[in-house]
Every structure is written in structure tokens, then in C-alpha cells.
Amino acid sequence: MSQDTDSKLLGAVLIVRHGDRQGFYQDPETYTATATQITPLGNQEEFLLGSYLRSLYLNESSPSYIPGMSTGLFNQSQVYIQADLGGEDGVIYDSCVSLTQGLWPVTPSNNITLANGTTVTAPLGGYQYIPSEFLSMALASIQCSHRIVESVDPNLSVSLEGFTDCNTFDAHTTAFYNSSQFQEMATQSAPFLNSLPPYLDGRSVMLQNMWNIFDFMNVNNIHNSTFAQALPLTYLAQVRTLANWHEYNVFSDNGIGGIGNIAGLTLLPSILNGFADIANSTNPVKLSITAIAYKPFLSLFNMTGVAAANPSLAGIVDYAAAVAFELRQPSAGGEPVIRFNFKNGSDAAFVTYNFLNSTEDVPLSAFIDAMAPVSVNTTADWCSICANTQDRGCAALTLATEQGEAAAQPKISPVGAGFLGAGLTLAVVAFMVGTLAFLGVLTVGKFRKRRSRAAGVTAKVHDLALAKRKLSILDYYEKCNEEAMQL
């Protein structure tokens, strides 16, 4: 890959997978999951990842140091962090906490001097507590930059688990299982799968259940010495190969905006907002971290073309894997560019990969052109794309629409109805807003002000993709943030 070795790092948008955990089960048709727990190994994996990221981005002697970032005490104005609180029952959030422990470790500088002259250091030798908040806004698919760890409940926000309760995605999964490609693989792999019952404790050996087969064997191979010694040498690698094929085909699509990529499509607003924050020189946020499960990685690798160019990446990423979208200023000037780095679990360091069919760093505008038009920005968008009228806030949206239309039904003659025009439309919208606010789906007041800022920035990002304004990217984002702050 051709790189500008003298480009200046402006900031990074990080996407990280959780660490090692106990086993859990996912429904092969809907991917609803049972609860599980992180292990001490998982905590350690995330801590080590955080320590590596610290050495890279928060170390002034590193060539990848992010200028201006605090290298000691955590500065919450510079960082945005969110973690999925969904199907794996706190594992991802707990992993994120361990990650931040590595990024901002214990330091005796975390102290306070009292009025009587006594200096008190935080517990555990100066442990740094990263503030956390529960994200409870159903329409929070577009996030504003809270300077805390947000635990994102998938029942209230679709941003980090766009695939659950998505009817069109379930149909996509069923279509894959019914495809000739799947049937051929099922026939080809049947002899091997039929040899696995002694190692599966009664679990189905059907190809549809491939994720659960792999996860059970992988977890036990790590934590059960009797199992690990009894398992034939090549079995886990063979199972993983089939699981990689299975999961990549479920969580990818032929088209960048295809429903198979829904796990990535709902994540895109977080990535685009991260770039908007970093590219705005007046915004202190220069590091954005999103902690997730493995599924959005598959979609992102498909959407960006990374998997097509590197078939070894068309599969399940390891525990504590990380993608770093680095936003850089070229040495020759011009608009910022994006560098795609990936570190798969225990790999020693990031590796840079080509993406979006480019052999060099990709201009920010090119990334926006490709991704903004397919980004799923709101719960309403998700409900429409997923053909859902009941779950995850969709029922409230449906009810608001129906009640708004009913309340605005004209009770006058057909002649009089002709004079309603735009007034009727405004009445419908006003009633819908009131209903959504009452139901808690749309928050007004303080949150509305914060959300308007993020929505304004995202709208401007989308405009850039469609209108190709002649302003430089940096000036453009400064302008849109100034406008958004006035909303």
C-alpha cells in the first residue's frame, strides 16, 4: 500500500471487539442470544489492547501520537466512548471498562489536595474512573459527543445491534440457508460435522448451527483442559473455517447497502460523527471508541472491500480485535484522508489494509460518498428498512403516525378540504411529535438541544456526499459545527 509517511495524524475512530467470555447460544435464524459473562482472560486481553493503543496514540514519543491528547490523566472532553449492552449481557461493556484501564492506567497524579494540606490519591494507587452513562434514548442512532462511556441498550437504540428484530435481515438469513450455495456446503461438510457429536454435548451438528458449534468448541478448548486434550488436532481449525464462511455470508451482502450489511449500516453514523468531531479543529474530541460484538466487523469488512481484497479477513475476528480508522492530514495539504488499520486479537501491532478499491489512504470525501447514502441514521429509518412495526421503538412510531393521521382527518366538506393544504401536514407532524414525546420515544428539552447538534452535523456530512461542495473538508466541518451550535 502506498502511504504518505509524513502525513499528520488528526485523530482515530476505533472499533473494538470484546474479550474472552464464557459460552453462549445464538438462535441461528434470528441471532437472539443468551446471557454470558466475561472472564479474567477477557479483561486482561482488553487491558493489553488498551495499553497498546495508549503506547500508540497517547504517547508523545510515538509517531502516531494524537496531537494535544492528554498523556496522563483522563480528559473526558477529548474522548467519546460507547459500548454495546446487548446480547452478550454486559460482556462488551465490561470489556470496554478494561480497555479504558489500559488506555488510562493507574497514576499517582490522580489526586486532590484538601484545604488542610492533605493530599489524597484515588484508590488502588490512583485508579482512573471513566465516567459512564446509560444511553436511554430510543432515537439515539445519531449520537452526540457525550464525554463518557455510554452503555447502549439495543432495546432503546439500534446503532450497535441493527440486526436483532430486523425482519428483512431474518429473511436474508433464511434465503441464505435455502440457497444452492448453502446446500452444497452442507453436503460437502456433512461427513466432518457428523463426527462432532462426542465434542458437542448434545448440540445440533446441522450447518445452520455452525456458530454455536464453533463457539462451544472454542470456549471449551480455552477453558476445559480435558476437552482440549481430547479434541483431535485439526478439528477446531476446521470448525472455525466453516463458521467463518457461515457468519460472513450471513452478515454481508452483494451491495454495500444490502440488508446483509445491516450490522454495519447502523454503525456508520457513529463512524461518520467521529470523523466530523476530529476534522473540526475547534472540537476537542480526537479519539472515538465503539465496543461491539464480532458481527459489525463482518459487515464493515464487506462494505469497505477489505474482505474482498484480503479473503483471510472474511470471517470472525478474534477476541479484543480492533479496527482503527485514522484521520490524517496529508503532508502536501488538502482534505484529510483515512487510513484503515486492523489488529486481530493478540497480533503484535496494527496492519494497514487497502480499502474502497484504493491503494493509498482514502480521501474523507470519498469515504462519505460511499457510506453516507446507505447509513441508517434513525430508528425510523431502521423500522422502515427492517419492515418492523412493533419492536425497538417501531410500535411507538407506528402509533404516532396512525394517531397523527386520524387526528388530522378533515371533518368538512370536500370543497372545504381543498383549502387545508400544508396546514393539515403540519397538524399531522405536530401531533406525531407530541405523541412520541409522551411515549418517551422522542425526548425534548435538554436532549433535543444535544441531538440537534449531532443531527445537524450528520445532515451536513450527508450533504457533502451528495452535493460535493467546493469547500475544503476541514473548513466545511468547521462551518457545519458553527451552524449546528446555533440550533
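The values are calculated or read from the model by the stated rules, or taken from the named source; none is laboratory data. None of the values given here were measured: they were computed from a predicted structure. Backbone-built Cβ (ideal geometry, glycine too); neighbour counts: all protein chains shown. Accessible surface is based on the protein model in full, side chains and every heavy atom, while ligands, DNA and RNA are left aside. Shrake-Rupley method; radii C 1.70, N 1.55, O 1.52, S 1.80 Å.
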Residues being touching a residue at least 12 places away in the same chain (Cβ under 8 Å), within 23 Å of residue 273 (Cα to Cα) and open to solvent by 10 Å² or more (accessible area, probe 1.4 Å) - total across the range 307-340: 7
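Does residue 115 count as without any contact (Cβ under 8 Å) to a residue 60 or more places away in the chain and open to solvent by less than 40 Å² (accessible area, probe 1.4 Å)? First the steps, then the outcome.
Working: without any contact (Cβ under 8 Å) to a residue 60 or more places away in the chain: yes; open to solvent by less than 40 Å² (accessible area, probe 1.4 Å): no.
Taking the combined requirement at face value, the residue does not satisfy it.
Can you find, within the range 172-199, the residue that is least open to solvent (accessible area, probe 1.4 Å) among those that are assigned to a helix (DSSP H, G or I), closer than 16 Å to residue 235 by Cβ and not small (Gly, Ala, Ser)?
Within the range 172-199, the subset assigned to a helix (DSSP H, G or I) is 172-177, 180-193, 197-199.
Going one step further and asking which of them are closer than 16 Å to residue 235 by Cβ, we end up with 189-193, 197-199.
Of the ones still in play, those that are also not small (Gly, Ala, Ser) are 191-193, 197-199.
Working: 191: 94, 192: 33, 193: 6, 197: 66, 198: 103, 199: 48 Å².
The residue in question is 193.
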Residue check for residue 68: modelled with pLDDT of 95 or more and out of contact with any helix residue (DSSP H, G or I) (no Cβ under 9 Å at 6 or more places or on another chain): yes
Among the residues listed as 151, 136, the single one being open to solvent by 50 Å² or more (accessible area, probe 1.4 Å), modelled with pLDDT under 95, touching an Asp or Glu at 6+ places or on another chain (Cβ under 9 Å) and not basic (Lys, Arg): 136
Residue list for the range 67-89, filter: over 21 Å from residue 155 (Cα atoms) and crowded, with 21+ Cβ neighbours inside 10 Å: 79, 80
Any hit, the range 20-39, residues being part of a strand (DSSP E or B), of a type outside the set (Val, Ile, Thr) and more than 30 Å from residue 177 (Cβ to Cβ): no
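More than 18 Å from the chain's Cα centre (by Cα) and within 30 Å of residue 77 (Cα to Cα): does that describe residue 281? Can you show your working first?
On the way: more than 18 Å from the chain's Cα centre (by Cα): yes; within 30 Å of residue 77 (Cα to Cα): yes.
For residue 281, the condition - more than 18 Å from the chain's Cα centre (by Cα) and within 30 Å of residue 77 (Cα to Cα) - is met.
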Candidates 60, 45 - the one that is charged (D, E, K, R), open to solvent by 30 Å² or more (accessible area, probe 1.4 Å) and within 30 Å of residue 162 (Cβ to Cβ): 45
Condition met for residue 355 (open to solvent by less than 10 Å² (accessible area, probe 1.4 Å), free of Cβ contacts under 8 Å to residues at least 60 places away in the same chain and farther than 29 Å from residue 38 by Cβ): yes
Residue list for the range 154-171, restricted to those being touching a Phe, Trp or Tyr at 6+ places or on another chain (Cβ under 8 Å) and either of a type in the set (Ser, Thr, Tyr) or open to solvent by 30 Å² or more (accessible area, probe 1.4 Å) (or both): 164
